[in-house]
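Okay, structure first, notes after.
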Amino acid sequence: MPIITYREALRHAMDEEMARDGKVILLGEEVAQYQGAYKVSQGLWEKYGSKRVIDTPITEEGFTGAAIGAAMAGLRPIVEWMTFNFSLQAIDQVINNAAKYRYMSGGQIKTPIVFRGPNGPAEYLASQHSQALQSFYAHCPGLVVLAPATPYDAKGLLKSAIRDDNPVVFLEGEMMYAWKGEVPEEEYLVPIGKADIKRPGKDVSLIVHSKPLKAAQDAAAELAKAGIDAEIVDLRSLRPLDEKAIYDSVKKTGRCVVIDESWPVASIGSWVAWLVSKNCFDYLDAPVELVSSEDVPMPYNHRLELAVQPSAPKIIEAVKKVMYLG
Amino acid sequence: MPDLYKPEIISVINDDGYADPAVDPEISNDDLLKYYRLMLLVRIMEENLLDWQRQGRIGFYAPCTGQEACHIAAAAAIEDRDWIFAQYREPGAILLRGWPLRTFFAQTLGNSEDIMKGRQMPDHFGDPEMRFVTPSSPIGTQISQAVGAAMAAKLKGDDVISLVYFGDGATSSSGFHDGLNFAGVFKAPVIFFCQNNQYAISLPLEKQTASENIAIKGQAYGMEGIRVDGNDFPAVYKAVKYAADKARNGGGPTLIEAVTYRLGPHSSSDDPSRYRTRDEEKQWWQKDPIVRFENYLRNKGLLQDDYIESLRASLQTTISETFREAEMVEPPHPETLFDDVYDHLTWNLEEQKQELIHYALGEGGRCPWQI
Ligand SMILES: Cc1ncc(C[n+]2csc(CCOP(=O)(O)OP(=O)(O)O)c2C)c(N)n1
C-alpha cells in the first residue's frame, strides 16, 4: 500500500470528490495560486480553475457566510480556514447560521459545507494561533465534528464529510500534515461516527483524538516495556461520538485515561470522562483520569509551550494513577 | 477639480533626491539623522533575523523590509503619549518609542528577560508603559480597538490620539469596517494608517478589493482619505502630522494609505517567487526608501558616504553582540506559565502549578517538556 502524508491524503480526498462532483468548490485565503498556506490544496487550482478553487479577501466571516449562501443555492463548498483560531471571526456564521438553518426552516434548507483547517497547537505560535477549539464546535447541535489523526482516516473521513448533507467541522493539525501512513489506492470511505482501536490492549484504555495520538502511542510503547498493555481508542469523530467503542474498551480494561489537547473545562475530554464515569461505573477499578492542556493560554517560548501540552510522560503519570502504581 | 476617486499620491522627495522647500516638512537635522540611523538599524537587524531564523536560532520572523520609512515616519509624527496599535510589521516604531535592542531581542526570543514573559510571537512586541499595544494576530482586530482607545481619551479629556497600523489585506476585515464606521460616527481622534505593500501574503491588492485605491474608502465613512508615497519619509511624516494635528484639534479621524512594497517575504515561512516576479521586485528596489532618504539627506548636506559605511559596520557589530548576549539568557521558568491568566493565581491554577513542578522537579527530576 502506498505511504503518503496526511497533507497528501487530504488533497487526494478533495481532488477525488471535486472530480466526482462538479458542485464541490474550495474557497479560503491562499487556497488557489499559493496552493494553501500549508500546501494542502496543491495542484487543485491548476486542475479545477479559479471558478472552483477560490482565493478570497481576508475576511473569515465574509467567505464563511458566502459559502453558506452558496450551499443553500446548491453547491457543496469546502471552506479552508487558515487556522481554526481565525474561525473565531466566522463562528457566528457557523453556529448561528450553518448549524441552524436546517432546524429553523423545519428541515427545508440544507447547508452541506465542510469547514476545514489546522486546529490545536503547533510550534512557536503563541496564544492566538495555538488553540484547540474542538469543544466550541462539538458543543453545538447541528454540526458534525471530525478529528482524524492518520492519513488513512483523514482521507476517508474527508470524503465522507464532503458527501455529507450536514455542515461538517473538520479538524486537522499543522504538526500532523507531515505525518505518514498507508493509504490504499482504491477508493474507500471512513464512516462518520466510528472510533478506531489504534492499539488493542487489556490493562488500560487511552481515549484520544487528533495530534495527541502520537503521545498516546509513545506512552503505550513505554508502558509495554513495564508490562502494561494499553488500548488506544482514537475517537476520529467527536460529534457524533462512538460511545459504544469507548464503553467496550473500558469495560474490558477497567481503567481509563482520556487525553485531549484542549483546555480541561467543558471539553470533549471532560465530556468523555463523564460519560465513562457514568456508563462504566460498575466496571471501573479507578476514577477516570484526564490529561489535557494546562488551563492557560499558550505561551510562545518553546520550553513553556511543550510544558503546557499533553505529553507521553504526563499520560504515563496518569496511567500510573489509575493503576495505583507508586 | 481633483478626481476624488484618485487622490494624488503625496510625495516630497523628487527623483533627484531633492525636496521643494515649500513642501518639505520641518524636522530638525538631529531628528532626521536619528530616523535614518533607525531605518538602517531595522534593515540590517532584519537581514540578520531572517538568517537566524534559518539557523533555528529564532522561531519565526516577519520582516518589514521596504516599509522602514513608512512605519517609522508615521510613529515619528505623533507624540510619545499617543497610542500605537501595531499590526506586526513595525519594529522601528517600538525602537523609536525607546525599546533598547536587547529588550527587542529578548521579546523575539521569548526569554526570561522578555517583559512579555515569553508569551508572544516575534513581531508581536508591545509595551503598555509606552502606550504601544502588542499586535493581535487575527487580522484587523486592532482597528476597532484603536478607535476605542481614542474615544476613551476624548471622553477623559486627554490630549491623546491613536495611530493604528494595518495592511492592505486588513481592509477586507470586519475590523476595518467597524473601526472606520465608529470613528466616523464618534469623530474619534484616530489615524488609520494603512501600509499598502501591495500583497497580503500572496494575494495582490486587486484581488483584495475592487476599489480604485484604499484612500477613497475613507469617504464612505465620512472621513478624509489621503494617499502618500510610503517610501518617502518626509511625505509620510507630513501626512501623519497633518492627520494628528487635525485629530488633536477635534477634526476627527483620517485614513492614510501609504503606498509601499514589501521587498522581503511575508514571513520566514514564505517564498515570494511563487507569486511575483523578480522584475517587479527589482523595480521596487529602485525605490528603496532608505536609499531615497539617504539621497535626501545627502542633498541637505547631512550625510557623507564614509559615514554611511562606518554606521553600517557599527550597527552590525551592535546587533550581533546584543543578540549573542540575549541568546545566553535562560528561557522563562515553567512555573511562570500560570501567572497572568487572571489578576491573581486562582486556587486551581496553583494546583496545576504544583502538579507540574512535581513532574518536573519531583523524584528523578523528569521533565515532561524534554520528551
Ligand atoms: C483573521 C485572520 N485571518 C488570516 C490570517 C492569516 N494572515 C496573517 S498575515 C495575513 C496577510 C495580511 O496582509 P496585510 O494586512 O496586507 O498585511 P501585510 O502582511 O502585507 O503587512 C494573513 C491572511 C490572520 N492572521 N488573521
Could you please let me know if A:TYR38 is over 25 Å from A:THR111 (Cα atoms), within 19 Å of the chain's Cα centre (by Cα) and within 14 Å of another protein chain (Cβ to nearest Cβ)? yes
Just give me the residues in region A:36-54 being closer than 19 Å to B:GLN208 by Cα, open to solvent by less than 30 Å² (accessible area, probe 1.4 Å) and in contact (Cβ under 8 Å) with a residue 12 or more places away in the chain, in sequence order. A:GLY36, A:VAL53
Among A:THR64, A:THR59, A:THR5, which is the only one that is touching a residue at least 40 places away in the same chain (Cβ under 8 Å) and within 24 Å of B:ALA170 (Cα to Cα)? A:THR64
With respect to B:ASP168, is the statement that it is within 14 Å of chain A (Cβ to nearest Cβ), closer than 21 Å to B:ALA69 by Cβ and within 16 Å of the ligand (Cβ to nearest atom) true? yes
Tell me, which strands (runs of 3 or more DSSP E) wholly within region A:167-206 include 2 or more residues that are surrounded by fewer than 17 Cβ atoms within 10 Å (Cβ to Cβ)? A:180-182
In the list A:PRO310, A:PRO297, which residue meets the criterion of being within 14 Å of chain B (Cβ to nearest Cβ) and in contact with a strand residue (DSSP E or B) (Cβ under 6 Å, 6 or more places away or on another chain)? A:PRO310
Taking B:ASP271, is it open to solvent by 60 Å² or more (accessible area, probe 1.4 Å) and within 16 Å of the ligand (Cβ to nearest atom)? yes
Scan of region B:137-158 for residues that are more than 9 Å from the ligand (Cβ to nearest atom) and either under 21 Å from the mean Cα position of the chain (by Cα) or open to solvent by less than 10 Å² (accessible area, probe 1.4 Å) (or both), ordered by number: B:GLN142, B:ILE143, B:SER144, B:GLN145, B:ALA146, B:VAL147, B:GLY148, B:ALA149, B:ALA150, B:ALA153
In region B:84-100, which residue that is within 13 Å of the ligand (Cβ to nearest atom) and part of a loop (DSSP other than H, G, I, E, B) is surrounded by the most Cβ atoms within 10 Å (Cβ to Cβ)? B:GLU90
Among the residues of region B:62-73, are any within 14 Å of the chain's Cα centre (by Cα), acidic (Asp, Glu) and surrounded by 21 or more Cβ atoms within 10 Å (Cβ to Cβ)? yes
Of all residues being assigned to a helix (DSSP H, G or I) and within 16 Å of the ligand (Cβ to nearest atom) in region B:188-224, which is least open to solvent (accessible area, probe 1.4 Å)? Just the residue, please. B:GLN208
Condition check for A:TYR103: open to solvent by 10 Å² or more (accessible area, probe 1.4 Å) and within 16 Å of the ligand (Cβ to nearest atom): no
All positions within region A:17-28 that are open to solvent by 10 Å² or more (accessible area, probe 1.4 Å) and either under 17 Å from A:PHE170 (Cα atoms) or without any contact (Cβ under 8 Å) to a residue 40 or more places away in the chain (or both): A:ALA19, A:ARG20, A:GLY22, A:ILE25, A:LEU27
Matching residues in region A:236-279 (under 18 Å from A:SER293 (Cα atoms) and not charged (D, E, K, R)) number 18
Let me confirm something: among A:ALA90, A:ALA32, which residue is more than 10 Å from the ligand (Cβ to nearest atom), within 11 Å of chain B (Cβ to nearest Cβ) and at pLDDT 95 or above? A:ALA32
Scanning region B:159-170 for residues that are under 16 Å from B:PRO253 (Cα atoms) and not aromatic (Phe, Trp, Tyr), the one surrounded by the most Cβ atoms within 10 Å (Cβ to Cβ) turns out to be B:SER162
Would a scan of region B:25-45 turn up a residue that is open to solvent by less than 10 Å² (accessible area, probe 1.4 Å), away from chain A (no Cβ under 14 Å), within 25 Å of B:PRO128 (Cβ to Cβ) and not β-branched (Val, Ile, Thr)? yes
Give me the pairs: first residue in region B:254-267 and over 17 Å from B:VAL164 (Cα atoms) and within 14 Å of chain A (Cβ to nearest Cβ), second residue outside any loop (DSSP other than H, G, I, E, B) and more than 10 Å from the ligand (Cβ to nearest atom), beta-carbon distance under 7 Å, and six or more apart or on different chains, which are they? B:PRO265/B:PRO272
Tally up the residues in region A:35-78 that are farther than 16 Å from A:PHE170 by Cα, among the β-branched types (Val, Ile, Thr) and within 16 Å of the ligand (Cβ to nearest atom), please. 4
Yes or no: region B:67-76 includes at least one residue that is farther than 24 Å from A:GLN128 by Cα, within 16 Å of the ligand (Cβ to nearest atom) and of a type in the set (D, E, K, R). yes
Cβ-Cβ under 6 Å, sequence separation 6+ or interchain: first residue in region A:225-249 and open to solvent by less than 60 Å² (accessible area, probe 1.4 Å), partner part of a loop (DSSP other than H, G, I, E, B) and β-branched (Val, Ile, Thr). Which pairs? A:SER237/A:ILE192
Take region B:242-293 and flag every residue that is in a helix (DSSP H, G or I) and among the acidic types (Asp, Glu). B:ASP245, B:ASP279, B:GLU280, B:GLU281
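The values are calculated or read from the model by the stated rules, or taken from the named source; none is laboratory data. Quantities reported herein were computed from a predicted structural model and do not represent experimental measurements. Don't worry about glycine lacking a Cβ; one is built from the backbone with ideal geometry, like all the others, and counts go over all protein chains shown. The accessibility values were calculated without ligands, DNA or RNA, using every heavy atom of the protein model including side chains. Shrake-Rupley method; radii C 1.70, N 1.55, O 1.52, S 1.80 Å.
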